[in-house]
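Take a look at the structure set out below.
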Amino acid sequence: MVAIRTNGLTKRFGDVVAVEELDLTIEKGEVFGFLGPNGAGKSTTINLLLDFIRPTDGSVEVLGIDAQQDPAAIRRRVGVLPEGYGFDDPLTGREYLEWAIRTKRADDDPDELLGLVGLTDDAGRLAGEYSKGMQQRLAFAIALVGDPDLLILDEPSTGLDPNGIQQLRSVVRERAESGTTVFFSSHILSEVEAVCDRVGVMNAGELAAVDSIDGLRDSAGGAATLRLTCATPPTGLGVESLSGVERTTVEDHTVVVDCASPAVKVDVVTHVAERATVEDIVSETVSLEALFNDLTAGGRDDGETPTAEAVER
Amino acid sequence: MSAPDVARKDFLAASRSRSLWLVATLLGLLTTVVAYGYQGYRLGPRETVIQLFMTLGTVFALLLPIVALVASYMTIAGERESGGVTLLLGLPNSRHDVFLGKLLSRLAVVASGVTFMFVTATAMAVTRHGVLPLGTVLGVFAVSIVYTAVFVAIAVALSASVGARSRAIAASVGAYFLLVVLYVIPGVSVAGIVRFVHRTMLGFERNVNLYNAVTYTSPFTAYRKAINLVVPDGREQQVFRRMAENADLPAYLGDEVSLLVFAVWLVGPLAIGYLRFEGADLL
């Protein structure tokens, strides 16, 4: 069974293409991480799923229902933590939650949900006066109302403290184990790594990759980096002429060698050891972050040197 | 169908708005003072009270649109600007439910305010004059509620049509000018503009009935005509400034037509506002 399916989904805002020809299928029961730097089109996609905005082209299906045909029917079975929500009515956290429970015709115990997200002590305060993190907890509690078949969470950890992120993760895992499909977006890789079965990486409105975390690692190939520290500056050793070596750089006494596959490492070490005194060897496998940077080319800026900043922001 | 849930939350929020309570208090004070100070010229108590409510009608004609617009202009545009709309639509509400729920809630809010003004005025009038011409009071009250509802509908429709607070304000002020102010100031009145185009630019013969008919398209004029429907016979006011000489008023300028004008202004803006809201990208 399919939880979410988009076909050739395209959204333009004037001249800006926010999402282009997106074909995405998410099976029921999956925990799917939707990754990408800011402005990659993640939120636009989610807003299209929820019919907050309308596609320029293509179609969206959620739980087998066309998103434009019957959005209310979708919302009955989906729990949503949207981006850019606002608690601007003078209602308390508990009142907001009770309103959500009534609107969803659910029979949740508000106290239980408040406890689950750690808001028990603040339930009687106006939600508009909550800190960002507390509002995020309340919005998450609202998403959980009525034990939905599908949770759509847009950047759920925004504003949460580490403790809150931990709570969020454990609730997501719990719900996933009981069969709930979870679709959540994030620009933080570690978060996705920790809970997701599969990830999709968006970049500049297009899906750059869809795979499991392990699959992504594999597809990055054996690309590996060797750092060899030598007694003398290791210049002119001819390492770059070895087959399978992609790039070498020399920093002071250290030569950094990017290898196309792990097997090349031995050749490199042998080659260098024959020509210089090697004092230390550090081998690094490709990090997911580097992969993420590769896939997204450092984000919208399209910079020559992808930085970790695009990931952390 | 969750419009009642949307309405209930919106009404609860509105009932906690201090500024709304302040406005309601001021309006109640206003009607109390007017009712206290009103003294008809050579009239019996009963006639005085009837005259009082007709005078209140003249005041309300200008005032109620402001009350309705101020209480309603933010209702949907504000939710779109603040992000409240994503919470609304993240729950099992359709856009239809949101639109209808907001409309119902604001109608209830403003109707409460109008009721409060009538209760204070009636209480003061009865205290002062000892009589209660119930038919006229209830009649003016009913017409006022409909008139206010028209402007709530217009404000909610405008609010649903725009995405931002600033544009909602501009649209509401514009609506007040177009539908009320332009019918009050003699120099720049709609009738004057039509007369100018009709006679001076197009060279037609003067046609007072036509100018009056154009004036009648405003809910402001319709309200004043509708009051004629509920006052005792013989107390009707001549709403149009000029009348055609030695001719009976044509049927399309009759007092009953005001109800049609109200109906058009209720349904038209709501339909357009809803369609625009339904088709819009809300974020």
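Residues that are in a helix (DSSP H, G or I), more than 14 Å from chain A (Cβ to nearest Cβ) and in contact with a Ser or Thr (Cβ under 7 Å, 6 or more places away or on another chain) within the stretch B:68-105 comprise B:A68, B:L69, B:S72, listed in sequence order. All conditions but one from (1) within 13 Å of chain B (Cβ to nearest Cβ); (2) part of a loop (DSSP other than H, G, I, E, B) apply to A:D107; the one that does not is (1). Looking at A:R105, A:R137, A:R94, A:R173, which one is on the phi > 0 side of the Ramachandran plot and not acidic (D, E)? Answer to the selection: A:R105. Residues that are at pLDDT 90 or above and β-branched (V, I, T) within the stretch B:175-213 comprise B:V180, B:V181, listed in sequence order. Checked against the criterion of being of a type in the set (K, R), within 30 Å of A:V266 (Cα to Cα), in a strand (DSSP E or B) and touching a strand residue (DSSP E or B) at 6+ places or on another chain (Cβ under 7 Å), the stretch A:217-237 has at least one qualifying residue. Within this structure, A:P148 passes the test of being at pLDDT 95 or above, surrounded by 21 or more Cβ atoms within 10 Å (Cβ to Cβ), closer than 23 Å to A:R76 by Cβ and not hydrophobic (A, V, I, L, M, F, W, C). Among the residues making up the stretch B:1-32, those that are within 16 Å of B:T115 (Cα to Cα) and surrounded by fewer than 15 Cβ atoms within 10 Å (Cβ to Cβ) are B:S15, B:W21, B:L22, B:T25, B:L26, B:L29. The residues of the stretch A:50-99 that are farther than 24 Å from A:I26 by Cβ and either free of Cβ contacts under 8 Å to residues at least 24 places away in the same chain or at the interface with another protein chain (Cβ under 10 Å from one of its Cβ atoms) (or both), listed by number, are A:G86, A:F87, A:D88, A:D89, A:P90, A:L91, A:E95, A:Y96, A:E98, A:W99. Restricting attention to the stretch B:16-28 and to residues that are of a type outside the set (V, I, T) and touching a residue at least 24 places away in the same chain (Cβ under 8 Å), the residue that is nearest to A:R105 (Cα to Cα) turns out to be B:L20. A residue that is among the β-branched types (V, I, T), in contact with a helix residue (DSSP H, G or I) (Cβ under 6 Å, 6 or more places away or on another chain) and farther than 30 Å from B:N93 by Cα occurs nowhere in the stretch B:9-26.
Listed here are the residues, each with its yes/no results for (1) under 16 Å from B:L107 (Cα atoms); (2) at pLDDT below 90.
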{"site": "B:R8", "(1), (2)": "yes, no"}
{"site": "B:A13", "(1), (2)": "yes, no"}
{"site": "B:W21", "(1), (2)": "yes, no"}
{"site": "B:L27", "(1), (2)": "no, no"}
{"site": "B:Y41", "(1), (2)": "no, yes"}
{"site": "B:I50", "(1), (2)": "no, no"}
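Checking the structure you have, find out if any residue of the stretch B:107-124 is in contact (Cβ under 8 Å) with a residue 40 or more places away in the chain and within 14 Å of another protein chain (Cβ to nearest Cβ). Yes: the stretch B:107-124 contains one or more residues that are in contact (Cβ under 8 Å) with a residue 40 or more places away in the chain and within 14 Å of another protein chain (Cβ to nearest Cβ). The strands (runs of 3 or more DSSP E) found entirely in the stretch A:148-213 that carry 2 or more residues being among the aromatic types (F, W, Y) and closer than 26 Å to A:M1 by Cβ are A:181-186.
The values are calculated or read from the model by the stated rules, or taken from the named source; none is laboratory data. All values reported here derive from a predicted model rather than from experimental measurement. Note: ideal-geometry Cβ built from the backbone for every residue, glycine included; neighbour counts use all protein chains shown.
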